[in-house]
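K.L.:
Got a structure for you, written out below as structure tokens; questions coming shortly.
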Amino acid sequence: MTGRDAPDRRERPASAIAAAAFGVSVLGAAGFAAVYAAGGQTQLEGLTLAVAFAGIAFGLSVWARRLLPTGGYVEEHEPFDSRPTDLRLAAEALTGPESPVRRRGLLTMLALALGALGGAALFPLRSLLPFDRVRPVHALRTTPWAAGVRLVRADGTPVRPADVPDGSVLTVFPEGHRDRGDVPAFAVRLDPARFTVPPSGGEVAGVVVHSLLCTHAGCPVALYLQGTARVLCPCHQSTFDLLAGARPIAGPASRALPGLPITVDADGYLVATGDFTAPPGAGFWSLK
Amino acid sequence: MITRWLLRRLARSVDDRLRTAPVVRRVLAAVFPDHWSFMLGEIALYSFVVLVLTGVFLTLFFAPSTADTVYTGAYAPLDGARTSAAYASTVRLSFDIRAGLLMRQSHHWAALLFVGAIVLHLLRIFFTGAFRRPREMNWLIGVTMLALALFNGFTGYSIPDDLLSGTGLRILYSVTQSIPLVGEWLVFLAAGGEFPTDEMVPRMFVSHVLLVPAVLAALIAIHLGILIRQKHSQFPGPGRTENNVVGSLFWPSYTVRTLALFAWVLAVTFALGGLAQINPVWIYGPFDPAQATSPAQPDWYVAWGDGALRLFPAVEFRIFGQLVPSPFLPGVVFGGLTFAGLYLWPFLDRRHGRDRLAHQLLDPPRAHPARLGFGVAVLALFAVLLAAAADDVIATILRVPVLDVLAILRVLALALPVPAGVTAYLVARALRANGGRGVGDLTRADVRSAGRLVCVGSPVGGAPTGIGTPEGTAEPVDADRVELWRDRTGLWRWRYRGASVSLTANRAYPSRAEAERAARTAYGDLSVWEVAPPGGRPGAPAAVAARAGRAAGRVGGYLALAAVAFWRARRDRRR
Ligand code: HEM
Ligand code: FES
């Protein structure tokens, strides 16, 4: 039996192991400090810190398993139903003669006041959308694309129809609005003879321009499959057939990619003749 | 010597001011059941602590702003690049701030561990019926914490303003926008305008480092407060009743065990944070609304939502001429149903089982075939959704078209859950019918821990003294009974003696009446026998406990206990 004065034979090695583990932890901590002081190195920092904590963890685990009792105890768990007298007295205290709950009229007015205050407190929430910004429906329906706005590349240079490469898509933006979220479009060169549905934005020498934003949840439809003239959205794999008016043919999207009506200006550059044929990107309640 | 003296001084001076001794005595002696599955909640708790610690470090260097900045620093490919301040500061944290990458990666790994532990903890509660009366409240708090953890993970993942997380944010924006009637206003108010806005990063940052963690901390405190008040539930076993808790003492056994677990969590998160790369935002590049990464996978805990978006067919329809966009059903409705189901479960279960009683003993999962079957069916569906979130990766690995993978997963999502649930239901019924333990028996570990109780006569790792013969009392008992005696110091103690186990009461009592009241609460129907003090027991574990306790005091566990004691003291004074 293990007593105060006669440590068990098995206890000695256990406490030696735990002590050694704590010692390892000291080494780990020192190692971490040394790695840090020497300029730092992520893997070694993680390793040394992990060793430091694992040493403590292992030591404590041995301590708990081998030096401390496991199981064998019982504690009573009194049921949670209070004595009837307690319940009655509590109820009386709550609803006694001076209790506020007896003042029906006062309570109603107080509730009214609090309700009004609560309602009024909701108003500042409207500040979350600053008043100088466009209202949601208008913002969602329109983009800076308009008649005469040039199509430019990411670096701001304008695009001639001949610049649109064969075999890949060219991402284009309205001049001066590179960073807006709803504007990205792509230009692609297709063989007009293959169209099964004419492109919604029209074509200029085989060049067609569509919104880049998936009509499912707005990801850029970045993957162009040249042979079939389809674009694929990397987010949930909606696929759009560019030969058929950019209609969705697979995946969760259910509206066609809006087209951008284009023409060529006097200098031979591509310009828009208006906004997208439909609001770009994900759908919304008041989308017509 | 010195530590012991200091500890006693401290306890005495606290007691002088708060009269804590009776409460401390009770709390130190609290009994916790022994079962591995009770550690899951603790792992979640400790991951949260790691998140706060590493998160505070990150907060000191992270710049929550999308203002244009030029990154200059050790990461050559981006040196001199114009990016947002948030992205630049994240790259700087990863390359230019010493130990910054370790903290970033450990924070991210801890987040994955945190949500993982919460989900497993929830499954444990679900399958064992621990959510039943009187614990419905803690179930509701737990589901709320799960939702907050998911949300905080998402905001944390999004604030570095990199390309991958920006894509995820855009999807969440679109899903919110899809809510009929209010979606457009809701998302414009939340983000401050049309995607992307400069307000998003600062707003998510405040939510991520302040609002949600503060609410989580408060809920954790309430969760644990309720747990202490209601005590742990326990699996059925010899000597266990609806009116007791059987297991190990909080002090010292559980204190040391749980501190060990805390240290393990720290060790694992820092090992992962140092050795396993995660979220290398410098590879993804800064956010750009015209670009996307492919393949694009979110963190696993939001992947079920992404999987649902991928699998759900293109269903868009109009109500009164207004559009209900396709992300609405899989995104908003499915997510809403999931959480509504979680919140309502205790009440649905209660109605189905017509069971309004308070429960201290848990159901082994198979004892409740309908619940098991339903849970397994839902898990099967979520497993398919998780796989769906990686459909492009699966397609690349298997070299098959992604649309074929999608088609197969769609079939599985419909076809797998019901057979899986029915199988689980039938297996559970079979096991229940023949009373056997076998396939699908999730409580085998429970048997083991019940077996461990046999060692009660030699708590210090000594050889088991054999079933039913606790040390010092050789004669076997034929009926379960409670034995009561007065020990050498004049205090009253009792124990339960059954055919296979002997369980010692966790406390000593100044009077016989008090000891007997406790025993009768725990084992109402058993006869109480006054016996001579059993030799060797229970003085021995007390001595061991005292010695180990003294040693553990050096680890500083006392502080934690003092907090619990303080809570109890206040409660007791209020009564
Ligand atoms: C509920 C718990 C929390 C979860 C689930 C969580 C999750 C995350 C995740 C997944 C990231 C992305 C990290 C990455 O870039 O790989 C992150 C970033 C961050 N978290 Fe947390 N976090 C939590 C609590 C906290 C707390 C309490 C703080 C601060 C007090 C904090 C501060 C930060 C900061 C500053 C960042 C951005 C820095 C960076 O990404 O390098 N987090 N968080
Ligand atoms: S965003 Fe393109 S498929 Fe979902």
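K.L.:
Considering A:G72, A:G96, A:G59, which residue is more than 11 Å from every other protein chain (Cβ to nearest Cβ) and more than 30 Å from B:I97 (Cα to Cα)?
P.N.:
On the way: A:G72 fails: more than 11 Å from every other protein chain (Cβ to nearest Cβ); A:G59 fails: more than 11 Å from every other protein chain (Cβ to nearest Cβ).
Result: A:G96 is the single residue among A:G72, A:G96, A:G59 that is more than 11 Å from every other protein chain (Cβ to nearest Cβ) and more than 30 Å from B:I97 (Cα to Cα).
K.L.:
Would the stretch A:145-162 turn up any residue that is within 30 Å of B:G183 (Cα to Cα) and either in a loop (DSSP other than H, G, I, E, B) or not assigned by TED's automatic domain parsing to the domain that holds A:L213 (or both)?
P.N.:
yes
K.L.:
Does B:T3 satisfy the criteria of being surrounded by fewer than 18 Cβ atoms within 10 Å (Cβ to Cβ), among the β-branched types (V, I, T) and in contact with a helix residue (DSSP H, G or I) (Cβ under 7 Å, 6 or more places away or on another chain)?
P.N.:
In short, yes.
K.L.:
Quick one: in the stretch B:223-268, of everything that is under 16 Å from the mean Cα position of the chain (by Cα) and outside any helix (DSSP H, G or I), which residue is surrounded by the fewest Cβ atoms within 10 Å (Cβ to Cβ)?
P.N.:
Taking the candidates together, the pick is B:H232.
K.L.:
Quick one: which residue in A:H210, A:H236 is buried (at least 24 other Cβ atoms within 10 Å of the Cβ) and within 12 Å of another protein chain (Cβ to nearest Cβ)? I'd like the intermediate steps shown before the answer.
P.N.:
Values: A:H210 fails: within 12 Å of another protein chain (Cβ to nearest Cβ).
After ruling out the rest, the residue left standing is A:H236.
K.L.:
Further, regarding this structure: When the residues of the stretch B:47-66 are narrowed to those that are hydroxyl-bearing (S, T, Y) and open to solvent by 30 Å² or more (accessible area, probe 1.4 Å), which ends up nearest to ligand 1 (Cβ to nearest atom)?
P.N.:
First pass over the stretch B:47-66, keeping only residues hydroxyl-bearing (S, T, Y): B:47, B:54, B:59, B:65-66.
Applying the additional criterion that residues be open to solvent by 30 Å² or more (accessible area, probe 1.4 Å) yields B:59, B:65-66.
Details: B:T59: 4, B:S65: 12, B:T66: 14 Å.
Among residues in the stretch B:47-66 that are hydroxyl-bearing (S, T, Y) and open to solvent by 30 Å² or more (accessible area, probe 1.4 Å), the one nearest to ligand 1 (Cβ to nearest atom) is B:T59.
K.L.:
Kindly evaluate A:F80 against the criterion of being at pLDDT 95 or above and either over 30 Å from B:R493 (Cβ atoms) or not in a helix (DSSP H, G or I) (or both). Spell out the reasoning first.
P.N.:
Values: at pLDDT 95 or above: no; either over 30 Å from B:R493 (Cβ atoms) or not in a helix (DSSP H, G or I) (or both): yes.
No.
K.L.:
I would also like to ask the following. Give just the number: which of (1) touching a residue at least 24 places away in the same chain (Cβ under 8 Å); (2) polar (S, T, N, Q); (3) in a loop (DSSP other than H, G, I, E, B) does B:T3 not satisfy?
P.N.:
(3)
K.L.:
Restricting the search to the stretch B:279-294, which residues are open to solvent by 20 Å² or more (accessible area, probe 1.4 Å) and more than 9 Å from every other protein chain (Cβ to nearest Cβ)?
P.N.:
Matches in the stretch B:279-294: B:W282, B:I283, B:Y284, B:P286, B:F287.
K.L.:
Quick one: which residue in B:S89, B:S37 is open to solvent by less than 20 Å² (accessible area, probe 1.4 Å), more than 11 Å from ligand 1 (Cβ to nearest atom) and away from every other protein chain (no Cβ under 14 Å)?
P.N.:
On inspection, the qualifying residue turns out to be B:S37.
K.L.:
Within the stretch B:263-311, work out how many residues are under 22 Å from A:G251 (Cβ atoms), free of Cβ contacts under 8 Å to residues at least 60 places away in the same chain and of a type in the set (F, W, Y).
P.N.:
Counting residues in the stretch B:263-311 that are under 22 Å from A:G251 (Cβ atoms), free of Cβ contacts under 8 Å to residues at least 60 places away in the same chain and of a type in the set (F, W, Y) gives 0.
K.L.:
Just to check your reading of the model, which residue among A:D155, A:D81 is closer than 30 Å to B:R520 by Cβ, without any contact (Cβ under 8 Å) to a residue 24 or more places away in the chain, open to solvent by 80 Å² or more (accessible area, probe 1.4 Å) and within 14 Å of chain B (Cβ to nearest Cβ)? Quick ask: steps written out before the conclusion?
P.N.:
Values: A:D155 fails: closer than 30 Å to B:R520 by Cβ.
Every option except A:D81 fails the conditions.
K.L.:
Kindly indicate which of B:L51, B:L60 is closer than 20 Å to B:Q105 by Cβ and without any contact (Cβ under 8 Å) to a residue 60 or more places away in the chain. Let's see the steps before the verdict.
P.N.:
Numbers: B:L51 fails: without any contact (Cβ under 8 Å) to a residue 60 or more places away in the chain.
Exactly one of B:L51, B:L60 is closer than 20 Å to B:Q105 by Cβ and without any contact (Cβ under 8 Å) to a residue 60 or more places away in the chain, namely B:L60.
The rows are residues; the columns are (1) of a type in the set (S, T, N, Q); (2) in the same structural domain as B:W282 (by TED's automatic domain parsing); (3) within 16 Å of B:Y46 (Cα to Cα).
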site	(1), (2), (3)
B:W109	no, yes, yes
B:I125	no, yes, no
B:R135	no, yes, no
B:G142	no, yes, yes
B:L148	no, yes, no
B:L164	no, yes, no
B:T167	yes, yes, no
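K.L.:
Just one of B:P364, B:P325 is crowded, with 20+ Cβ neighbours inside 10 Å, within 12 Å of chain A (Cβ to nearest Cβ) and in contact with a Ser or Thr (Cβ under 6 Å, 6 or more places away or on another chain); which is it?
P.N.:
Details: B:P364 fails: within 12 Å of chain A (Cβ to nearest Cβ).
Testing whether each residue is crowded, with 20+ Cβ neighbours inside 10 Å, within 12 Å of chain A (Cβ to nearest Cβ) and in contact with a Ser or Thr (Cβ under 6 Å, 6 or more places away or on another chain) leaves just B:P325.
K.L.:
Looking at A:A205, A:A222, which one is on the phi < 0 side of the Ramachandran plot and hydrophobic (A, V, I, L, M, F, W, C)? Give the derivation first.
P.N.:
Numbers: A:A205 fails: on the phi < 0 side of the Ramachandran plot.
Sole residue among the options that is on the phi < 0 side of the Ramachandran plot and hydrophobic (A, V, I, L, M, F, W, C): A:A222.
K.L.:
Return yes or no: is B:R356 basic (K, R), over 23 Å from the mean Cα position of the chain (by Cα) and assigned to a helix (DSSP H, G or I)? Show your work before the answer.
P.N.:
Working: basic (K, R): yes; over 23 Å from the mean Cα position of the chain (by Cα): yes; assigned to a helix (DSSP H, G or I): no.
No.
The values are calculated or read from the model by the stated rules, or taken from the named source; none is laboratory data. Treat the numbers as computed from the prediction; the structure is a model and nothing was measured. Cβ coordinates were reconstructed from backbone atoms using ideal geometry, including for glycine residues, and neighbour counts include every protein chain displayed. Heads up: the accessible areas ignore ligands, DNA and RNA and are worked out on the full protein's heavy atoms, side chains in. Shrake-Rupley method; radii C 1.70, N 1.55, O 1.52, S 1.80 Å.
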